[in-house]
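Structure first, commentary second.
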Amino acid sequence: MIEIKDLHYNYAGSKYNVFDGLSVGLDNNSIYGLLGRNGTGKSTLLYLIAGLLKPKSGSVFTNGMEARKRHPEMLRELYMVPEEFELPAISLESFIKIHEDFYPHFSRETLERCLSDFQVQGIRSLRNISMGQKKKVFMSFALASGCELLLMDEPTNGLDIPSKALFRKIVAGNIPEGSTLVISTHQVHDVEQLLDHIIILDNCNLLINASTDEIVGRYEFGYRMPDQMDNNILYAEPSLQGNAVVALRQKDSPETPINVELLFNAAILGKLK
């Protein structure tokens, strides 16, 4: 689906390399969480995958086509929801008619279902609606596009707490079969239940590129009291429930749900083996 080889990129006028030899592959039929600190290049990577930015060197292939060339065959199977955007001041129906023919698998039924589940089905015009409502409309259209590759940059920014819960439900219920979704986010608690693969970037380095099955097979997450701390613990943070920990999973220990925020902090600090 996505193949990135020896990627180098920096913005014009900057000596700082956003990427300096990054190589990574993303498979079909997965939901990826793309995580990293501010300035790590998460949004930049999405734009490179979409062909909206061009590498200084190295290559990015999307669906077997070089992304920078933006072949129509690639673009009709790719939909991106950026963090910041503007929708035209036209009716929703006009917006649909202008765009739906670009996507051969577009489904009005899916669009109406997503709008209904987001509780914005009454919107008829894109003029003078809130940013949260615009984001719900845009994400609904993305899911309705039927594309093989969906890219979402900070999709839960601007959504209230109930809408964040709806986002997880709507994505899980409407992502096209066989499609890949890449979510770049700082709001890990909003999306961690959706993810089946996690990528963590830091200062041009790929710290983690693993499925959630691999992660829970290797690590366990939980809380330990001070007298329960042992050599298997790789990282710990104090909390009201005791120490929140990432530990090496023991052979007979049950799997535990991933705490993505804790995993991220441990990875950034170099605590994971």
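Any read-out appearing in this document is the output of simple, stated calculations on the displayed coordinates, not a laboratory observation. Note that the structure is predicted; figures quoted are calculated from it, not measured. Cβ sites come from the backbone with ideal geometry, for glycine too, and all protein chains shown count toward neighbours.
Using helices alone, what [θ] at 222 nm do you get for the chain, with -39,500 (n - 2.57) per DSSP H run of 4 or more residues, divided over all residues and rounded to the nearest 500?
On the way: 9 runs with 78 residues, N = 273.
Taking each H run of at least 4 residues, the total per residue is -8000 deg cm²/dmol.
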**Residue (of HIS99, GLN241, LEU34) at the positive-pole extreme of the chain, dipole from beta-carbon charges** = HIS99
**Item:** Theoretical gain in end-to-end length, ARG68 to SER23 [0.36 nm per residue, Cα-Cα removed]
**Value:** 14.6 nm
**Request:** Quick one: which residues, 5 or more positions from GLY21 or on another chain, have an amide H under 5 Å from its amide H? H modelled 1.01 Å from N in the peptide plane, none for Pro or chain starts.
**Result:** LEU7, HIS8, TYR9
**Message:** If you take every residue apart from ILE123 with its C-beta less than 11 Å away from the C-beta of ILE123, what net charge results, scoring Lys and Arg +1 and Asp and Glu -1?
**Reply:** +3
**Partner aspartates and glutamates for LYS164 [C-alpha distance under 16 Å; skip if fewer than 8 residues away on the same chain]** = GLU83, ASP117, ASP153, GLU154, ASP190, GLU192
**Request:** Note down the relative contact order for the chain as a percent, whole number, built from C-alpha pairs under 8 angstrom at least six residues apart.
**Result:** 20 percent
**Asked** In a shell of Cβ-Cβ distance under 11 Å around PRO55, excluding PRO55 itself, what net charge do Lys and Arg (+1) and Asp and Glu (-1) give?
**Response** +2
**Asked** Between GLU255 and GLU100, what is the label-to-label distance in nm when each label sits 7 Å out along the Cα-to-Cβ direction?
**Response** 4.0 nm
**Request:** Give, rounded to the nearest 20 debye, the magnitude of the charge dipole that the chain has about its Cα centre when Lys and Arg contribute +1 at Cβ and Asp and Glu contribute -1 at Cβ.
**Result:** 660 debye
**Asked** How much length is gained if the chain between GLU214 and LYS273 is pulled fully straight, taking 0.36 nm per residue apart and subtracting their Cα-Cα distance, in nm to one decimal?
**Response** 19.9 nm
**Asked** In terms of modelled amide H atoms, which long-range or inter-chain residues lie less than 5 Å from the amide H of ARG37?
**Response** none
**Relative packing of peptides 4-15, 174-185 - highest average C-beta neighbours within 10 Å first** = 174-185, 4-15
**Item:** For ASN203, net neighbour charge (Lys/Arg +1, Asp/Glu -1) across residues whose Cβ lies under 14 Å away
**Value:** 0
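Can you give the extra length, in nm with one decimal, that the chain gains between ILE233 and LYS5 once fully stretched, where that is 0.36 nm per residue apart less the Cα-Cα distance?
Extra length available between ILE233 and LYS5 comes to 78.6 nm.
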**Residues of segment 117-146 with amide N under 11 Å of the 7 Å Cα→Cβ point at GLU93** = 124-125
**Flagged links, alpha-carbon separation over 21 Å, of LYS5/LYS69; LYS42/LYS135; LYS54/LYS135** = LYS54/LYS135
**Complete:** Scalar couplings 3J(HN,Hα) for segment 211-221 by Karplus 6.51 cos²θ - 1.76 cosθ + 1.60 (θ = phi - 60°), nearest whole Hz, x for Gly and Pro, are 6, 5, 5, 5, 5, 6, x, 9, 10, 10, 10
**Message:** Going by average Cβ density within 10 Å per residue, which order do the peptides 86-98, 19-31 take, highest to lowest?
**Reply:** 19-31, 86-98
